[in-house]
Amino acid sequence: MPDEPKTLDPTARPAATTVPGAATAPPGAAVAGDSPVRAQARRWTLGLVTVGLVLAALNLRPAITSLGALLEEVSADLHMSGTVAGVLTSVPPLCFAVFGITAPRLARRFGPAAVVCAGMAAIFAGLVLRPFAGGTVGFLAASALALMGIAVSNVLMPVIVKRYFPDRIGSMTGLYSMALALGTSVAAAATVPMTAALGGDWRIGLGVWAAVAALAVLPWLPLVRDRDRATPESGTTAASRSAVGSATATSATGATAVPRITRSRTAWALGCYFGLQATGAYITMGWMPQIFRDSGVPASTAGVLLAVTMVMGVPLAFVIPRLATRMKNQGPIVVALGLCGLAGYTGLFLAPAGGAWVWAVLLGVSNCSFPLALTMIGMRSRTGAGVVRLSAFAQSVGYLISIPGPLLVGVLYQHSGGWGLPIALMGGLMVPQMIVGTLAGRDRTFEDES
């Protein structure tokens, strides 16, 4: 990613009007002296954002995992070649990287809540249109529309948390991470039986998830114009605008320069950590059932083992972020999760069927590096504005890194004739993941380095 030019923030207030060290109250925060009506309005806003976060998170993966469950039927009906079907499994991280990078600019112009609302609408539109696709091109285009909405919402979830809940980053990150894990596992487990119950047509089975996406749009509609709301301290919209603008560092004269995030070691470490954990997650979702089936585990049991791995993220996604925010350095959590993954892959290598349930649990624990990475994004910047840029940078870099992983595992499996070499690769990736995660977990912000 090219260096970003240093610019002046047009919303910056003169230094003389700012009290050094004073914190700006987030939207919805209680302020001393508020009237009961304004206090009630703030509580209503926070409640609405909480509901919106949960519903949005529930919709960030079903477009992917529901398709994975019916990929064979979709490929046959649309006459997709094996190569095209394989490429389809790599489209999500590619879209996340390409479209996610647009989130900061959109957030600066329209506000993060408005962009998330539009993202939910794009997911709904894509899921509605996809079942009506008459060919591969139309299906890919509808899928890309839904993935575009997922991409920008992915990036802005930590931003919303930082903006509305700056004192509860861990608990709120855990809440939406738990909802994300729940949506992922439910879509994977329920799509096939639900499709069978509705007559066996894959178009109906995929289209049902559009209804869930429609619900996610509703809480964000009243928040679309929230970026224009005056903050309690300033009585102006400047603080609100700066919360979604460029990350700033105020000089003695009040000019505000935007630091180059590409010069930050922490930002690069966080991007690499995000990418390596995403690689492991996509490999697990795409190939773990086949590993178990090839070792003699029945197909139905292999599917349940994958569900167990995914479900582990539901409780742990709430616990790990809360624990991480209580620690200055998140390195120990990074290492603990990495060791669980290393143990799980070692078990798959030595006795895949013998300890299948244990390996599934260990890999599920390891996959909770995702909510940890999201939590660190919120902690590695001083401002909501910085979180916008850091989230976009880390997730775009990370998803680009994750693209070749599942494809490489498939190539190694095909040419080596077994799972020994691919599993060795999976386990080997845990070592650099622990190293860069430890660097990303140090108690500092990217503004300090850039």
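The values are calculated or read from the model by the stated rules, or taken from the named source; none is laboratory data. Source: prediction; values computed, not measured. Ideal geometry is used to build each Cβ from the backbone, glycine not excepted, and the neighbour counts take in all protein chains shown. Ligands, DNA and RNA are excluded from the accessible area calculation, which covers all protein heavy atoms including side chains. Shrake-Rupley method; radii C 1.70, N 1.55, O 1.52, S 1.80 Å.
What does the accessible area of LYS328 come to, in Å² to the nearest 10, when a probe of 1.4 Å is used?
150
What's the FRET efficiency of ARG265 with PHE132 using the Cβ-Cβ distance as r and R₀ = 45 Å, to the nearest 0.05?
0.40
By how many nm would the segment from ASP77 to VAL335 lengthen if fully extended, with 0.36 nm per residue of separation less the alpha-carbon distance?
Computed gain between ASP77 and VAL335 is 88.4 nm.
Can you compute the charge dipole magnitude of the stretch 104-176 about its Cα centre, using +1 on each Lys and Arg Cβ and -1 on each Asp and Glu Cβ, nothing else charged? Give it in debye, rounded to the nearest 20.
For this selection, approximately 240 debye.
Take GLU449, GLU72 and sort them by solvent-accessible surface of the protein heavy atoms, 1.4 Å probe, largest at the top.
Order by accessible area, largest first: GLU72, GLU449.
Label-point separation (nm) for TRP44 and LEU198, each offset 7 Å from Cα along Cα-to-Cβ?
Simple spin-label model gives 3.5 nm for this pair.
Would you mind computing the Rg to Rh ratio of the stretch 76-216 from its alpha-carbon coordinates, Kirkwood style for Rh?
Rounded to two decimals, Rg over Rh is 1.00.
Sorting ASP226, ASP167 by accessible area (1.4 Å probe), largest first, what list results?
Sorted descending by solvent-accessible area, the residues read ASP167, ASP226.
For the stretch 286-393, with the dipole built from +1 on Lys and Arg beta-carbon atoms and -1 on Asp and Glu ones, taken about the Cα centre, which of GLY384, GLY341, LEU306 lies farthest toward the positive end?
Farthest towards the positive end: GLY384.
If you rank VAL365, VAL116 by how much accessible surface each has, with a 1.4 Å probe, what is the order from largest down?
VAL365, VAL116
If each residue of separation counts as 0.36 nm, what is the full-extension length gain between LEU350 and VAL98 once their alpha-carbon separation is subtracted?
86.9 nm
Which distance in nm do the two modelled labels at VAL308 and ASP294 give, with both placed 7 Å along the Cα-to-Cβ direction?
Distance between the two pseudo-spin positions: 2.1 nm.
Roll a 1.4 Å probe over the protein heavy atoms and report the accessible area of VAL74 in Å², nearest 10.
0
Charges on Cβ only, +1 for Lys and Arg, -1 for Asp and Glu, centred on the Cα centroid of the stretch 62-215; of VAL161, ILE123, ALA188, which one is farthest towards the dipole's positive end?
Result: VAL161.
Give me the distance in nm between label points sitting 7 Å out from Cα along the Cα-to-Cβ direction at ARG168 and ARG444, one decimal.
3.2
Net charge within 14 Å of PRO131 by Cβ-Cβ distance, Lys/Arg positive one each and Asp/Glu negative one each, not counting PRO131 itself?
Charge balance in the 14 Å sphere: -1.
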